[in-house]
Amino acid sequence: MDEEYDYAKLKDAGKAAYEALEYSRKVVKPGMTLLEIADILEKRIIEKGFELAFPVNLSVNENAAHYTPHASDATRVAEKDIIKVDLGARKDEYLSDCAITIGLGESTSKMIEASEEALENAISLVRAGRQVNEIGREIGKVAEKHGFRPIRNLGGHGVGRDDLHSGVFIPNFDNGDTTMLEEGEVIAIEPFITDGEGMVRDGELLQIFQKTMDATPRQNDLRAVSEFIDSRYRTYPFALRWLQKEFPRIGEFGIRRTLNELATRGALESFPVLVERKGGMVAQSEKEVIVEKEGCYIVTR
Ligand code: MN
Ligand code: MN
């Protein structure tokens with residue numbers, strides 16, 4: 001880990017995200033739109049003087065991850081929904097990432113508890129020298145003990161300075177990867193548990209994007225959008241609805257044209273909604289930690 005790494009800033013970003021996440025328990029109620037909830041939670045983080053590490057994700061039921069509402073999203077929270085609230089704050093180039101699952105019906109409470117227990121057990125295993133597959137094995141074991149499956153093609157990840165997903169992959173089952181955690185490394189652990197197949201596929205909805213390199217379209221409108229992305233979001237993930245708010249005159253069609261052009265040039269990454277392959281319900285719990293010699297420090301607390 002580099003010498004100038006500022007753990008204090010990381011911890012600040014972690015605290016801000018955790019506070020917003022806990023606040024979401026009071027906010028999310030049947031009848032609300034996902035758009036209202038996302039707005040409230042994003043404002044909460046911004047009002048504390050932080051940037052958003054990424055758009056607030058509100059993935060409902062069989063949607064496991066990467067659902068953020070679109071500008072005219074009328075989706076409302078229903079009585080029995082199981083909602084993954086996944087959010088993060090950014091202070092300079094330090095990023096936090098954490099998630100809880102809110103179950104409004106009784107039927108999914110066991111699955112949510114299993115994801116929480118899996119996360120807790122996984123965190124208790126973290127220390128320098130721990131193999132990532134040992135963590136995955138524990139997550140898988142807890143899922144199965146409760147009669148569920150871990151999602152095998154989703155997992156935790158290293159959190160780099162300036163890069164939300166970098167370095168190590170933390171599996172949700174024993175995938176045989178014996179990579180060892182290192183002291184000072186920052187990782188997010190996120191068990192995903194389901195009563196479905198235990199795999200996700202790419203869905204169709206595309207609302208979250210991230211610029212990956214410099215590229216500026218020539219046409220005026222398109223250039224304005226692209227330059228705004230560069231100055232405001234740089235290479236951090238952003239939501240289409242954020243741009244729509246900024247450029248009402250250009251509108252969704254024009255903004256999508258900009259994004260398409262950037263994608264054609266290989267300068268844009270997009271994040272489709274990830275959907276459980278058999279349509280199973282999904283629960284997720286996530287915390288970010290700093291690996292220590294004999295344990296870990298929880299950043300999102
Ligand atoms: Mn997350
Ligand atoms: Mn994550």
Q. Restricting the first residue to segment 188-216 and requiring it to be in the same structural domain as GLY156 (by TED's automatic domain parsing) and modelled with pLDDT under 95, which pairs with a second residue that is assigned to a loop (DSSP other than H, G, I, E, B) and aromatic (Phe, Trp, Tyr) meet a Cβ separation below 6 Å and a spacing of at least six or different chains?
A. none
**Q.** Of all residues in segment 161-186 being among the β-branched types (Val, Ile, Thr) and either without any contact (Cβ under 8 Å) to a residue 40 or more places away in the chain or under 20 Å from LEU274 (Cβ atoms) (or both), the one that is surrounded by the fewest Cβ atoms within 10 Å (Cβ to Cβ)
**A.** VAL168
Q: Just one of (1) on the phi < 0 side of the Ramachandran plot; (2) open to solvent by 60 Å² or more (accessible area, probe 1.4 Å) trips up VAL142, so point out which.
A: (2)
Q.
Checking the conditions here, which among LYS293, LYS287 is in contact with a helix residue (DSSP H, G or I) (Cβ under 7 Å, 6 or more places away or on another chain), open to solvent by 50 Å² or more (accessible area, probe 1.4 Å) and of a type in the set (Lys, Arg)?
A. LYS287
Q) Going by the conditions given, is ALA89 within 15 Å of ligand 1 (Cβ to nearest atom) and modelled with pLDDT of 95 or more? A) yes
Q. Any residue at all in segment 238-252 that is touching a residue at least 60 places away in the same chain (Cβ under 8 Å), of a type in the set (Lys, Arg) and open to solvent by 50 Å² or more (accessible area, probe 1.4 Å)?
A. yes
Q | Failed condition for GLU227, given (1) free of Cβ contacts under 8 Å to residues at least 60 places away in the same chain; (2) under 24 Å from VAL60 (Cβ atoms) | A | (2)
Q. Any chance segment 115-123 includes a residue that's more than 16 Å from ligand 1 (Cβ to nearest atom) and without any contact (Cβ under 8 Å) to a residue 24 or more places away in the chain?
A. yes
Q) Looking only at segment 169-191, which residues are of a type in the set (S, T, N, Q) and within 16 Å of ligand 1 (Cβ to nearest atom)? A) ASN172
**Q.** Lone unmet requirement of (1) crowded, with 21+ Cβ neighbours inside 10 Å; (2) over 25 Å from ALA64 (Cβ atoms); (3) not basic (Lys, Arg) for GLU261
**A.** (1)
Q. Any residue in segment 281-296 that is small (Gly, Ala, Ser), in a loop (DSSP other than H, G, I, E, B) and at pLDDT below 95?
A. no
Q. Since GLU204 meets every condition but one in (1) open to solvent by 60 Å² or more (accessible area, probe 1.4 Å); (2) more than 30 Å from PHE148 (Cβ to Cβ), which condition does it not meet?
A. (2)
Q) Does LEU41 count as open to solvent by less than 60 Å² (accessible area, probe 1.4 Å), among the hydrophobic types (A, V, I, L, M, F, W, C), modelled with pLDDT of 95 or more and touching an Asp or Glu at 6+ places or on another chain (Cβ under 7 Å)? A) no
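The values are calculated or read from the model by the stated rules, or taken from the named source; none is laboratory data. It should be emphasised that the depicted structure is a prediction, and the values quoted were computed from it without experimental measurement. With ideal geometry, Cβ positions are generated from the backbone for all residues, glycine too; neighbour counts draw on all protein chains shown. For accessibility, only protein heavy atoms count, side chains too; no ligands or nucleic acids. Shrake-Rupley method; radii C 1.70, N 1.55, O 1.52, S 1.80 Å.
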